[in-house]
Structure formats: C-alpha cells, structure tokens
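Just so it is clear, none of the values below were taken in a lab; they were calculated from the coordinates. All figures in this text were calculated on a predicted structure; none of them were measured in a lab. Note that we place each Cβ from the backbone using ideal geometry, even for glycine, and neighbour counts take in every protein chain shown.
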Amino acid sequence: MMTEKTEKGDPEVRQRIMEAAARLFHSRGYNATGMNELITEADVAKRTFYKHFASKTAVLKAYLEAFDDLFFQKAAVEIDSLTDPKQRIPALFALRAEIQKVNQFLGCPFVKINAEIGFDDREVNAMVQESKTRLKNYIRQLVTAANDRQQLNNGELTDLIFLLLDGALVSGSIYKSSADLENAKSLVFKFL
C-alpha cells in the first residue's frame, strides 16, 4: 500500500499523530473524528500537523497502511516461524484474538472504515480491498502448506478460513469477546 507523500518532518511527531489517529479512528470512527480533535489528541500545532499530513484522509491512509503492515510483521514473527504448517492457521486465529483484545474488541479497522466511507472514497475503498486480498492470499499460503488431508481443495479451505476469521472478528466486536475466534480456530482443526 502506498500513502500520499508528505513533507519530511520529525518522525516522533509523525508517530504521535499516527497514534492519536489510531486511538480516535478505531474507537470513535473516522467520520466522528474532527481535524481539531486529532490535532489536540496528538498534541501538535496545526501547522506541524500539516507539515506531516496534507489532510485527515492522508492520516487515515497512513493509519490503515501501518495497521496492515504491523499485522503482517507480527504474523511473520508469530506464525511464519512455526515449523509445523498445521499450527500456523490456528496461530493466525490466536494472533487476531490478541489484536482484538489489545484494541478492546472494536473490530477490524478495515471493515469499520469500509462501512463509514461507503462508495465516497474509491482510493480508501481500494486500500480496504487490497488489505483483505492480502490476508486471503496469506491464508492461501498457509493452507497450501498445511492441507495434506484435502477434505476441501485449497481454494475452498482458504475461503472457509477467511470467512470464519473475518466473521469471528465481527462477532468479537459485537460481543466484546474472543470466544468466537477461539471457536473458529477449533473448527479449522477439523479440516487440517
């Protein structure tokens, strides 16, 4: 994913703005967060903010990109390093459950922003689609390595896991619990 290019500035200030955006966008929503609120939460001057980001949308894109990149960095450490391919898919569910707990069961930021923007911002919508496609392709890699019983072909098992994972994330945000992620993880074991 590529975010808009911004003027170079202090990386610590940029990080503060990103952290403020993550808190506000994830907990309150993108549309409900105003520019002044974002600037206040980041504890920066308006001019400093605009030195780093051209608009609230630019911050949103950077936030989504950072969230996605962080997830795949964690996956590389916590999932890809497992030697048994059959343990990687359940580890994916465990990682998503961990992220849900850290984010207080507020759901997937890509699903949330997709609901907020509707068809208004095609570029953000493309970022959401790209993130979900990236996740599905990652699941396909895990399935290909682990699906030796072939109860379902790799494409079917990939779709099943993707839908279970995203559905359990939505359920977790509704019930404020990782129970459905744990249940989905157990169900996937039956196919591996």
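Of all residues in segment 146-181, those satisfying the criterion of being among the polar types (S, T, N, Q), assigned to a helix (DSSP H, G or I) and under 19 Å from F110 (Cβ atoms) are T158, S171, S173. Note on segment 106-131: residues that are part of a helix (DSSP H, G or I) and either touching a Gly at 6+ places or on another chain (Cβ under 9 Å) or surrounded by fewer than 17 Cβ atoms within 10 Å (Cβ to Cβ) (or both) total 11.
Of the residues making up segment 26-60, those that are out of contact with any Ser or Thr (no Cβ under 6 Å at 6 or more places or on another chain) and either in a loop (DSSP other than H, G, I, E, B) or closer than 14 Å to V124 by Cβ (or both) number 17. The residue list L157, L187, L165, L192 contains one member that is surrounded by 13 or more Cβ atoms within 10 Å (Cβ to Cβ) and either within 18 Å of the chain's Cα centre (by Cα) or closer than 19 Å to G29 by Cα (or both), which is L165. Find the residue count for segment 106-125, including only residues that are touching a Phe, Trp or Tyr at 6+ places or on another chain (Cβ under 8 Å) and among the aliphatic types (A, V, I, L, M). Result for segment 106-125: 2.
The set of residues from segment 81-105 being part of a helix (DSSP H, G or I), touching a residue at least 60 places away in the same chain (Cβ under 8 Å), out of contact with any Phe, Trp or Tyr (no Cβ under 9 Å at 6 or more places or on another chain) and under 16 Å from F67 (Cα atoms) comprises A97, Q100, K101.
Restricting attention to segment 10-23, the residues being in a helix (DSSP H, G or I) and either more than 19 Å from F71 (Cα to Cα) or basic (K, R) (or both) number 7.
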